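Input: a single structure, listed below in structure tokens.
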Amino acid sequence: MKISILLPVFNTEDYLSECLDSILAQTETDWELLAINDFSTDGSWDILQRYQQRDVRIRALQNKEKGIIPALRLAYAESKGQLITRMDSDDIMTSDKLKQLKALLQFYGKGHLATGFVQYFAEDELKEGYQKYEQWLNGLTANASNFSEIYKECVIPSPAWMLQREDLDACGAFNPNTYPEDYDLCFRFYEQELKVVSTPQVLHHWRDYATRTSRTDAHYSDNRFLSLKLQYFLRLDRQATQPLCLWGAGRKGKKIAQALSKRGIEFQWFCDTVTKIGKDIYGVRLQPYQALARLQQPQIIVAVAAPDAQTDIRAFLEANKLEEAFFFC
């Protein structure tokens, strides 16, 4: 089965050759690369053309409409492989990444999404937040339990998945104009009930640097992530017959409360901040979190980010057999 690698490229001339070399070094040889230059203003297009001349499996195309989603659509439309994967033009594949992911899909078949461990790296010191995210993500991947925490972060990184074309089509591929596009697609994997299969090996090296798109583009702002989470929660997991509860009255908690209020969705609001308990915000009175124990089968959105607080929250939920909790941060 041929693998189609979809590669959007925008102003990554400093890293692009290293990325392309890692693809050429793959132990799996039955692949094609659809590299889409997304209106780069640096030397990226020249690099793509040089590599295209080196290997007939590489096709370099100019994007017709600016943006990563149009670039992915074009790459996918031009692809011929039965297996589909993405790559970021500033990252590096391990030499057996394609072979490992392909083997998983050949063994498990349709309805499965293959992934593996990722590892961040940076020319400067890697920030602690990225180290923790890597550990959290790989911990989920080790147990193939990625979707259990889908409302916290994108649990299937965009350059770390492979699946069969039919399954990607069933998920809508790259048709929605929704950003962040990788997280939106991850939710559609979840909606389609794809089963994660994984290998406990690092398959992808994820580069971090100050001008990385996910850091600088407004499409990847925190507000967009929060809006996307709430949209999919209400569509996929919300049960109208159960009381909806929100735990947390910080910045994110208030944004979620405001969004629910604007939609006319009734909810109860809880926190552990003494100075806020009893106050009305957006027309909803804040209650002490202990009152949750009195409710029958509540669905709880947790909007508390502090790791220590989350540990305490999980302990409280478990002690009171409150099983439907959705951690949004």
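The values are calculated or read from the model by the stated rules, or taken from the named source; none is laboratory data. Worth saying up front: this structure is predicted, and the values here are computed from it rather than measured. Glycine gets a Cβ as well: all are built from the backbone with ideal geometry, and neighbour counts include every protein chain shown.
A few points about this structure:
- Odd one out for ALA218 among (1) over 24 Å from ARG238 (Cβ atoms); (2) modelled with pLDDT of 95 or more; (3) surrounded by fewer than 18 Cβ atoms within 10 Å (Cβ to Cβ): (2)
- Scanning the stretch 235-250 for residues that are out of contact with any strand residue (DSSP E or B) (no Cβ under 8 Å at 6 or more places or on another chain) and under 17 Å from ASP312 (Cα atoms) returns a single hit, GLY250.
- Residue count for the stretch 137-192, restricted to those that are part of a helix (DSSP H, G or I) and either under 14 Å from the mean Cα position of the chain (by Cα) or among the charged types (D, E, K, R) (or both): 26
- Test for ASP96: is it in contact (Cβ under 8 Å) with a residue 60 or more places away in the chain, out of contact with any strand residue (DSSP E or B) (no Cβ under 7 Å at 6 or more places or on another chain) and not hydroxyl-bearing (Ser, Thr, Tyr): yes
- Restricting attention to the stretch 286-301, the residues being over 16 Å from LYS276 (Cβ atoms), surrounded by 20 or more Cβ atoms within 10 Å (Cβ to Cβ) and hydrophobic (A, V, I, L, M, F, W, C) number 2.
- When ILE256 is tested against (1) closer than 18 Å to LYS152 by Cβ; (2) surrounded by fewer than 20 Cβ atoms within 10 Å (Cβ to Cβ); (3) touching a helix residue (DSSP H, G or I) at 6+ places or on another chain (Cβ under 8 Å); (4) not polar (S, T, N, Q), just one condition goes unmet, and that condition is (2).
- Selection status of ASP312, surrounded by 13 or more Cβ atoms within 10 Å (Cβ to Cβ) and in contact with a Pro (Cβ under 8 Å, 6 or more places away or on another chain): no
- Being among the small types (Gly, Ala, Ser) and either crowded, with 19+ Cβ neighbours inside 10 Å or not assigned by TED's automatic domain parsing to the domain that holds PHE10 (or both) is a property that ALA114 has.
- Screening ASP124 on (1) in a helix (DSSP H, G or I); (2) more than 20 Å from SER158 (Cβ to Cβ) shows it passes everything except condition (1).
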